[in-house]
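The values are calculated or read from the model by the stated rules, or taken from the named source; none is laboratory data. What you are looking at is a predicted structure, and each value in this text was computed from that prediction instead of being measured. No Cβ is skipped: glycine too gets one built from the backbone with ideal geometry, and neighbour counts run over all protein chains shown. To get the accessible areas, we keep the full protein, side chains included, count just its heavy atoms, and leave off ligands, DNA and RNA. Shrake-Rupley method; radii C 1.70, N 1.55, O 1.52, S 1.80 Å.
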Amino acid sequence: MSEKGEVDLTGAKQNTGVWLVKVPKYLSQQWAKASGRGEVGKIRICKYGNMGKPEVTFTLNEELTVIDGIDSVAAPRDHPFTMQTVGGQTLAVFTETSSGRSDSSSLGPGAGPDKIALEGMVVQRAECRPAVSESYMKLKRLQIEESLKPARVSQQLQKAVTNNYKPVANHAKEGGREEGEGEKQQVLDMLFSAFEKHQYYNIKDLVDITKQPVTYLKEILRDIGIYNVKGTHKNTWELKPEYRHYQGEEKTDE
């Protein structure tokens, strides 16, 4: 903190309690679009939920479900909170004002705002998660496909390239992948479609469904799935919790 920094402790005197809530990245991006235009949604709190804990749900305003540049996928609206205890930690929320601008921020080494104000002490922690729905699964699938796209790198050439390159036959290996492996996005679509019908698959069944080599298929499964090494479903694959969306009664199979 700089020598000119001041700390306003009015919040401590008022004993103001605040909630610290973790939200998905896409949700914070949608909130940013509503900056200065009013509310972003509504929070509903039921005081008596399971085990005597409050049930909290955030509902995103419908106009903020539109994701820029994507017509086929909308952001989920309903987001139940997973309540967590603060534990033995002492957490506080500050706002910092610098050059006429105010932002909520955590303070780190070297921070030097003109003024720091204590807004309150954290009395409740929570994680805001989307309710599992078809729109959420489409959004997660799109995010996975985007993450698997190779990054393009541009390079400035200092002189003209004079080498003559000969074309390579299609059946040759390309980047370590053999013919028939297909595009990752297409394989992901087939896997997600299969896991919507059943929760557990052995690798042989997934090979039959996707028509992909075992080694290549396992590379993709490690990104989205979990391999069970023991228990009732030993030697089978299932989706990671954040990607699960089952049909019928198998959704309670966990």
Extension reserve of the GLU63-MET121 stretch, reckoned as 0.36 nm per residue once the Cα distance is removed: 17.6 nm
Using modelled amide H (1.01 Å from N, peptide plane; none on Pro or chain starts), what sits under 5 Å from the amide H of ASP8, excluding residues fewer than 5 places away? ILE116, ALA117, LEU118
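Shape of the stretch 187-247 from its Cα gyration tensor (a ≥ b ≥ c, root eigenvalues): rounded if a/c is under 1.5, otherwise prolate when a/b > b/c, or oblate?
On the way: a/c = 1.45, a/b = 1.11, b/c = 1.30.
Rounded is the answer for the stretch 187-247, as its axis ratio a/c remains below 1.5.
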Inter-probe distance in nm under a simple model that places probes 7 Å from Cα toward Cβ, at ASP189 and ILE226: 2.8
Could you report the accessible area of LYS211 in Å², rounded to 10, computed with a 1.4 Å probe on the protein chains as they sit in the structure? 150
